[in-house]
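Since the structure comes first, as structure tokens, the remarks are kept for the end.
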Amino acid sequence: MEKILAARLGLELAEPISFLIKSSFFLIACGATLFVALASSYPAVHDTLHNVRHALAVVPCH
Amino acid sequence: MSLKFLSALCLLAALSLSLGDNALAADPLNIYFKTSPVIENVRPFADPVNLSVLVTGADGRPVERGSVELRLDAPRAGSWISTDIPLVEGTRLLEARLPLRQGRANWKYLMPIRGQYRLFVDAVSEDGRKSSQVFEFTVSENRSKWFALSGFSLALVLFGFAAGRVFTSAKSSSALLLIACLGLGGQALAAADAEPTNYAAHLDIEAASVGKPSRVHWRLNGAAANSPAALTLSITHLEKEKIVFAVERLAILGEFTLNFHFPDGVEYRVTAVAEFQGRAPVNVERIISVTGVEPPKRAMIPALSYFLALIALGLVIGRWTKRHVAT
């Protein structure tokens with residue numbers, strides 16, 4: 001469905017460019033998730049993942 | 001005139017050099033340091049270590065009376081990856097003067113992080129002889145943590161690998177992506193003070209926060225002030241139920257002071273028991289809440305970069321394998 005729509009609107013991209021765009025967004029999403037999980041001081045997140053942070057040896061915590 | 005002055009100056013210089021050599025040669029105290037278990041088996045935040053300093057005279061006999069001034073410094077910050085408690089790195093962990101008993105001073109301590117520690121020992125005997133020495137020892141990281149990090153790293157590579165294969169296709173159109181971001185919150189725990197539980201002794205603890213040492217001062221009150229006592233003092237990490245510092249039966253006169261760096265923002269129990277000859281022991285206990293300090297966000301950058309690099313590596317491998325199989 002999205003392929004048909006993209007083709008009609010002329011939004012079809014070359015495969016390498018599409019891969020780059022998807023990968024970039026994927027990495028940004030992963031970075032944001034990792035930041036929240038491992039660096040956020042929000043109490044609910046921090047308290048839940050406190051032991052995980054310390055268990056990874058390289059993640060700063062307090 | 002000037003020649004006489006020059007020769008006098010030379011004589012003075014030679015005399016001072018020879019005196020300096022003699023002073024070095026007659027260095028009267030030897031200081032030895034050991035840990036139990038041996039330092040190779042010590043891991044951060046695992047079990048408290050028994051540390052011991054032995055001070056002997058030139059003849060090898062333990063110094064009967066005297067004291068040692070101890071200063072323990074945490075490992076310095078690494079150039080790239082930090083430890084799990086970066087605020088402790090490079091700070092002073094402990095400062096105390098302990099009396100010598102048969103030439104020995106013993107204490108227990110829980111090493112908070114991995115790396116190279118430095119212990120400065122200044123020994124003074126009752127007859128005024130002095131000596132100083134610096135001991136360096138390295139605490140290795142817990143193996144289970146390296147295993148956990150390896151497992152997590154592998155999971156990230158596999159995650160990236162799967163994404164790389166999914167994102168690689170013969171023909172593709174635009175992609176719809178959602179990014180969720182969460183804000184940050186702050187947390188500050190206020191230090192809570194408890195009332196002293198015993199009338200005969202008093203325990204003062206400076207408001208403690210991670211990142212700097214706090215003064216712990218114990219003293220006897222009233223008639224017992226300045227009485228000789230055998231003091232047993234311990235500091236316990238309540239969340240982990242581990243002793244982080246302890247001294248046993250220290251011969252003191254009425255008071256004892258210690259600068260202690262609480263490495264974790266949790267509650268600690270400080271207990272002091274003083275024993276006297278022919279009197280009931282005096283017990284005082286306090287529970288303190290140590291203010292946790294958020295490590296700087298820049299300390300997280302290396303670890304986050306490392307994790308993202310692993311995902312990117314997985315993406316590349318995933319794409320490569322998919323295209324390789326397709327061709």
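The values are calculated or read from the model by the stated rules, or taken from the named source; none is laboratory data. In this text, all values refer to a predicted model and were calculated from it rather than measured experimentally. For neighbour counting, all protein chains shown are included, and Cβ atoms are generated from backbone atoms with ideal geometry for every residue, glycine included.
When every residue of segment B:305-327 is checked against the conditions, at least one turns out to be within 28 Å of B:Pro44 (Cβ to Cβ), without any contact (Cβ under 8 Å) to a residue 24 or more places away in the chain and touching a helix residue (DSSP H, G or I) at 6+ places or on another chain (Cβ under 6 Å).
Within segment B:76-91, which residues are farther than 17 Å from B:Gly265 by Cα and surrounded by fewer than 22 Cβ atoms within 10 Å (Cβ to Cβ)? I'd like the intermediate steps shown before the answer.
Keep residues of segment B:76-91 that are farther than 17 Å from B:Gly265 by Cα, which gives B:76-82, B:90.
Hits for segment B:76-91 are B:Arg76, B:Ala77, B:Gly78, B:Ser79, B:Trp80, B:Ile81, B:Gly90.
Taking every residue in segment A:7-27 that is more than 21 Å from B:Gly160 (Cα to Cα) and pairing it with any residue that is at pLDDT below 85 and part of a helix (DSSP H, G or I), at least 6 positions away or on another chain, the pairs with Cβ-Cβ distances below 9 Å are A:Leu11/A:Leu5; A:Glu12/A:Lys3; A:Glu12/A:Ala6; A:Leu13/A:Ala6.
Which residues, taken from segment B:124-169, are assigned to a loop (DSSP other than H, G, I, E, B) and at the interface with chain A (Cβ under 10 Å from one of its Cβ atoms)?
Here is the first cut: in segment B:124-169, the residues assigned to a loop (DSSP other than H, G, I, E, B) are B:126-129, B:140-142, B:168-169.
Scanning segment B:124-169 gives B:Glu141, B:Asn142, B:Thr168, B:Ser169.
Based on what the data block shows, is B:Glu64 part of a loop (DSSP other than H, G, I, E, B) and closer than 18 Å to B:Phe45 by Cβ?
On the way: part of a loop (DSSP other than H, G, I, E, B): yes; closer than 18 Å to B:Phe45 by Cβ: no.
The answer is no for B:Glu64.
Conditions tested, residue by residue: (1) in contact with a strand residue (DSSP E or B) (Cβ under 7 Å, 6 or more places away or on another chain); (2) surrounded by 15 or more Cβ atoms within 10 Å (Cβ to Cβ); (3) within 18 Å of A:His50 (Cα to Cα); (4) at pLDDT 90 or above.
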{"residue": "B:Phe256", "(1), (2), (3), (4)": "yes, yes, no, yes"}
{"residue": "B:Asn259", "(1), (2), (3), (4)": "yes, yes, no, yes"}
{"residue": "B:Gly265", "(1), (2), (3), (4)": "yes, yes, yes, no"}
{"residue": "B:Ala272", "(1), (2), (3), (4)": "yes, yes, no, yes"}
{"residue": "B:Arg279", "(1), (2), (3), (4)": "no, no, no, no"}
{"residue": "B:Val282", "(1), (2), (3), (4)": "yes, yes, no, no"}
{"residue": "B:Glu285", "(1), (2), (3), (4)": "yes, yes, no, yes"}
{"residue": "B:Pro296", "(1), (2), (3), (4)": "no, no, yes, no"}
{"residue": "B:Val316", "(1), (2), (3), (4)": "no, no, no, yes"}
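Of note, B:Phe260 satisfies the criterion of being away from chain A (no Cβ under 11 Å), farther than 30 Å from A:Ser18 by Cα, under 18 Å from the mean Cα position of the chain (by Cα) and touching a residue at least 40 places away in the same chain (Cβ under 8 Å). Residues that are touching a Ser or Thr at 6+ places or on another chain (Cβ under 9 Å) and not in a strand (DSSP E or B) within segment B:88-113 comprise B:Glu89, B:Leu100, B:Gly103, B:Pro112, B:Ile113, listed in sequence order.
Identify all residues within segment A:33-43 that are at pLDDT below 90 and either among the polar types (S, T, N, Q) or surrounded by fewer than 19 Cβ atoms within 10 Å (Cβ to Cβ) (or both); write none if there are none. Lay out the reasoning, then the answer.
Keep residues of segment A:33-43 that are at pLDDT below 90, which gives A:39-43.
Matches in segment A:33-43: A:Ser40, A:Ser41, A:Tyr42, A:Pro43.
In the list B:Thr56, B:Thr91, B:Thr35, which residue meets the criterion of being of a type outside the set (Gly, Ala, Ser), over 21 Å from B:Phe137 (Cα atoms) and modelled with pLDDT of 90 or more?
Values: B:Thr91 fails: over 21 Å from B:Phe137 (Cα atoms); B:Thr35 fails: over 21 Å from B:Phe137 (Cα atoms).
The conditions single out B:Thr56.
Any residue in segment B:65-84 that is within 14 Å of chain A (Cβ to nearest Cβ) sitting within a Cβ distance under 6 Å of a residue that is part of a loop (DSSP other than H, G, I, E, B) and among the acidic types (Asp, Glu)? List the pairs, counting only those 6 or more apart or interchain. Final answer for the pair search is B:Ala77/B:Glu89. In the condition set (1) out of contact with any Cys (no Cβ under 8 Å at 6 or more places or on another chain); (2) more than 7 Å from chain B (Cβ to nearest Cβ); (3) not charged (D, E, K, R), A:Leu27 is compliant with all but (2).
When A:Leu13 is tested against the conditions (1) surrounded by 14 or more Cβ atoms within 10 Å (Cβ to Cβ); (2) at pLDDT 90 or above, the lone failure is (2).
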